[in-house]
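The values are calculated or read from the model by the stated rules, or taken from the named source; none is laboratory data. Being a predicted model, the structure only gives us computed values, none of them experimental. Cβ coordinates were reconstructed from backbone atoms using ideal geometry, including for glycine residues, and neighbour counts include every protein chain displayed. Keep in mind that these areas ignore ligands, DNA and RNA; they rest on the heavy atoms of the full protein, side chains included. Shrake-Rupley method; radii C 1.70, N 1.55, O 1.52, S 1.80 Å.
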Amino acid sequence: MTYQEPDQNGYYGQFGGAYIPEMLYPNVKELKDNYEAMIADPKFKEEFDGLLKDYVGRPTPLYFAKKLSDKYGAKIYLKREDLNHTGAHKINNTIGQILLAKRLNKKKIIAETGAGQHGVATATVCALMNMECIVYMGEIDIARQKPNVERMRLLGATVIPATSGSKTLKDATNEAMRHWINNPSDTHYIIGSVVGPHPYPNMVAKFQSVISEEMKWQLKEKEGKENPDYVIACVGGGSNAAGAFFHYLDELDVNLIAVEAAGLGVESGESAATTALGTPGVLHGSKTILMQTEDGQVVEPYSISAGLDYPGIGPIHAYLYESGRAQFKYVTDEEAMEAGVELSRSEGIIPAVESAHAFAALGKMDFKPEDVVVVNLSGRGDKDLETYMKYGKY
Ligand SMILES: *Cc1c(COP(=O)(O)O)cnc(C)c1O
């Protein structure tokens, strides 16, 4: 095993696997048996790369942030995933999965969404490919995220409220899984992060790995070397981080910094700092680290950012944490908002509140002046204007 590839059962160390009800077994097996060959097919690659270029707008720039560099005393670059179509990295994955679904002759797509970003990215590719699209979303999130609900509807998707449990992302995921169990043959489930049963974590990481693939040649052009000293990314489920880390995972001279949302503080009881607070267990089809009570009830996470408000992390990150390959940092709501305002003011870029967490980690590190640092700017902040307004300190 390398850090990039899990073993044949989908394990990264002790984490991963496919913990699924028997009814889902045929679907997951079909995907597992086919995904590697399909992704490796030159025709697939041509179609995937073509859409990433002309539809999504890749390659995304690697931007040297001069003022941030002066302030933190290192050479800081931003990988501009915020400039992708639909405003974040999520579309890299939904493009890949819709192409797979077509090759598997699926007619319908289901997805789960929290804030609606993955739902919008999924509804977008379904419109593009003429596929029926059903998005499960917690009832509370539907009320909180009206614009994204309307975007999905405008794109032709059906949004179904998840009314069980806390009526948020975890419950939407449960209901999407239930739908899949009942409609196994004609439906593909597009999971939005490096979570879920094997092969999803590996498959999503591969689709997102275009981020670090581009970083390598872009750094070569700008710095004369492919490897930075640090790559920093926020972790909800962990897909943007997995993509930004992927081609550096086995290059041990590159320090990988994963940033989790501490909410009101790691010890406050209102947090989503999974690695700090969690223990090994099974969540949404894989063994990972999750926030749970002693008797195994999932603890409700909290973060100001809906995209990081998840009680687990992908199994690859659980392994990077346990093995020490990545270093984990914890950033509070307040620290993230401050960093979001700082980036807006210093570089003229308003980041998603998720991405702002990665920027807040800059202040928690000691750099040497010659250090090359890449911060993955996972998404743009337009969707978060109300959150910035409520925070108010600008
Ligand atoms: C969804 C989202 C995230 C969190 O998801 P990951 O799978 O951890 O990347 C981070 N940033 C933005 C902008 C998002 O939309």
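Brief remarks follow.
- Tally, over the range 1-30, of residues that are within 30 Å of residue 256 (Cα to Cα) and surrounded by 13 or more Cβ atoms within 10 Å (Cβ to Cβ): 14
- Any hit, the range 106-121, residues being within 13 Å of the ligand (Cβ to nearest atom), touching a residue at least 12 places away in the same chain (Cβ under 8 Å), assigned to a loop (DSSP other than H, G, I, E, B) and open to solvent by 10 Å² or more (accessible area, probe 1.4 Å): yes
- The range 381-394, residues that are within 16 Å of the ligand (Cβ to nearest atom) and open to solvent by 100 Å² or more (accessible area, probe 1.4 Å): 382, 386
- Out of 335, 370, sole residue that is under 19 Å from residue 274 (Cα atoms) and either at pLDDT below 95 or more than 13 Å from the ligand (Cβ to nearest atom) (or both): 335
- The one condition in (1) farther than 18 Å from residue 34 by Cβ; (2) within 13 Å of the chain's Cα centre (by Cα) that residue 93 fails to fulfil: (1)
- Positions within the range 127-163 being farther than 19 Å from residue 86 by Cα and loosely packed, with under 14 Cβ neighbours inside 10 Å, in sequence order: 143, 163
- Residue 231 falls short on exactly one of the conditions (1) within 15 Å of the ligand (Cβ to nearest atom); (2) under 24 Å from residue 291 (Cα atoms), and that condition is (2).
- All of 73, 87 fail the test of being of a type in the set (Gly, Ala, Ser), open to solvent by 10 Å² or more (accessible area, probe 1.4 Å) and touching a residue at least 60 places away in the same chain (Cβ under 8 Å), apart from 73.
- Qualifying residue in the range 250-272 (condition: closer than 28 Å to residue 13 by Cα and in a helix (DSSP H, G or I)): no
- Of the residues making up the range 162-183, those that are among the small types (Gly, Ala, Ser) and without any contact (Cβ under 8 Å) to a residue 12 or more places away in the chain number 2.
- No other residue among 331, 298 is among the β-branched types (Val, Ile, Thr), open to solvent by 40 Å² or more (accessible area, probe 1.4 Å) and not assigned by TED's automatic domain parsing to the domain that holds residue 172 apart from 298.
- Top-ranked residue of the range 350-367 - restricted to ones that are under 20 Å from the mean Cα position of the chain (by Cα) and open to solvent by 10 Å² or more (accessible area, probe 1.4 Å), ranked as farthest from the ligand (Cβ to nearest atom): 360
- Single match in 320, 277 (criterion: among the hydrophobic types (A, V, I, L, M, F, W, C) and more than 16 Å from the ligand (Cβ to nearest atom)): 277
- Of all residues in the range 180-226, those satisfying the criterion of being more than 16 Å from the ligand (Cβ to nearest atom), at pLDDT 95 or above and open to solvent by 30 Å² or more (accessible area, probe 1.4 Å) are 213, 216, 217, 220, 221, 222, 223, 224, 225, 226.
- All conditions in (1) more than 30 Å from residue 28 (Cα to Cα); (2) of a type in the set (A, V, I, L, M, F, W, C); (3) open to solvent by less than 50 Å² (accessible area, probe 1.4 Å) hold for residue 306, with the sole exception of (1).
- Tally, over the range 227-247, of residues that are surrounded by fewer than 24 Cβ atoms within 10 Å (Cβ to Cβ) and either hydroxyl-bearing (Ser, Thr, Tyr) or in contact with a His (Cβ under 6 Å, 6 or more places away or on another chain) (or both): 1
- Within the range 250-294, the set of residues being open to solvent by less than 10 Å² (accessible area, probe 1.4 Å) and either small (Gly, Ala, Ser) or not assigned by TED's automatic domain parsing to the domain that holds residue 333 (or both) comprises 258, 261, 262, 263, 271, 272, 273, 285, 286.
- If the condition is being away from the ligand (no atom under 16 Å from the Cβ) and farther than 17 Å from residue 358 by Cβ, then the range 68-95 contributes 70, 73.
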